[in-house]
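These notes are about the structure you will find just below.
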Amino acid sequence: EQKIILDVDTGIDDALGIILAIKSGQCELIGITTVNGNVSLGKATENTCKILDLLQAGDKIPVVRGASQPLLRPQFFEHRIHGEDGLGGALRDVQVHTQPAVGFAPDFICEQVLAQSGQVTLVMTGPLTNLALAVKKCPELVQHVKEVIFMGGVVTEYGNVTPVAEYNMYVDPEAAKVVFHAGFPQLTLVGLDVTRRVLLNEEHIAALGDTPIGRYVKQSTSDYLDRYFERNGIRACAMHDPLAVAVALDRSLVQTKKLYVDIETKSELCDGQTVCDFQNRLKKEPNMNVCLDVDADAFFARFIGALKA
Ligand code: BDR
Ligand code: CA
């Protein structure tokens, strides 16, 4: 069974990623680390704990707090998409029982990875601040991680915060730069190129049934579907973060190519843009696997199957 640490800024889709990882029964989730992003670190942590309560998993999986702000930049929340609380209001009035563990996410990541060398996959679904801090503290980490899979960036299309930047990259591009150049032997970019094609719709939600999880998903995504409709003309919720989790569980869901990718940090218009060198014009060795195609039907078969289990 593969060991995973999931790093999240728990908004609506992060929460669905957590649920998928736990309900899949296909991995050992050794911890969930939280980071500032969609919402503050405090809210991201509380939302994560509430999701563990929902799954009755709070006593099994430690939740460890991480960075409360990006490396250099001010916070940039995404309440527009995820609501004031971060979960589309779904668990707003629910009391939280699970408590975060003591410790700091970058330290937790270093300790766990070194103690289980070659076995731990890091799945990152928020800004990359915690991993950048971990790499800075403990550069040897890079040789001991099995793989890093992150939701972030976009290489063939447009951005979702600025015309060119995806949210997780835009919030902390300096952190992404550290991660991109750290030398991870296996680093996989799950970007908007593929996540935008994996759209949860009302049929999928109905298929989850009238269960606590089914009801939670329906409530939590309801406003998101409306906002998605305003922009795109269909009611759907993009499975950005759950796809990154799913890729960790099943490689065959995506097609990847080894490419060199860097990130812009010093531009008026393009900060956070992931620049992918498809034609090797920079003459650099590829530094990551870039997802370029996805089997959305296979994703939903797996996702719905796991959530109903
Ligand atoms: C990413 O941005 C966040 O709002 C989502 O949770 C996801 O991680 C998509 O660009
Ligand atoms: Ca996220």
Net charge near ASP93 (other residues with Cβ under 14 Å of its Cβ; Lys, Arg +1; Asp, Glu -1) is -2
When the chain is treated as a Gaussian network with springs between alpha carbons less than 10 Å apart, the largest mean-square fluctuation among PHE77, PHE229, PHE184 is found at PHE229
Quick note, the chain: a/c under 1.5 would make it rounded; otherwise a/b > b/c is prolate and the rest oblate (a ≥ b ≥ c, C-alpha gyration tensor); here it is rounded
Flagged as over-length at 19 Å C-alpha distance, from LYS23/LYS258; LYS60/LYS136; LYS3/LYS137; LYS137/LYS257; LYS23/LYS50; LYS23/LYS218, the pairs are LYS23/LYS258; LYS60/LYS136; LYS3/LYS137; LYS137/LYS257
Heads up, the range 185-233 by the C-alpha gyration tensor (a ≥ b ≥ c square roots of eigenvalues; a/c under 1.5 rounded, else a/b over b/c prolate, else oblate) looks oblate
Hydrodynamic radius by Kirkwood for the range 195-289, inverse mean 1/r across distinct Cα pairs, in Å, is 16.3 Å
Taking placed amide H atoms and a strict 5 Å upper bound, the residues 5 or more places from VAL198 or on another chain that come that close are MET239
Per the beta carbon screen (other Cys under 4.7 Å), unpartnered cysteines of the chain come out as CYS27, CYS49, CYS237, CYS270, CYS276, CYS291
Using alpha carbon centers only, the range 163-178 is separated from the range 1-22 by a whole-angstrom value of 20 Å
Checking rank on 175-182, 112-119, 142-149, 41-48, with mean other Cβ inside 10 Å and highest first, the result is 41-48, 175-182, 142-149, 112-119
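None of the figures in this text is laboratory data; all of them are computed from the coordinates on show. Note that this is a predicted model, so its numbers are computed, not measured. Cβ coordinates were reconstructed from backbone atoms using ideal geometry, including for glycine residues, and neighbour counts include every protein chain displayed.
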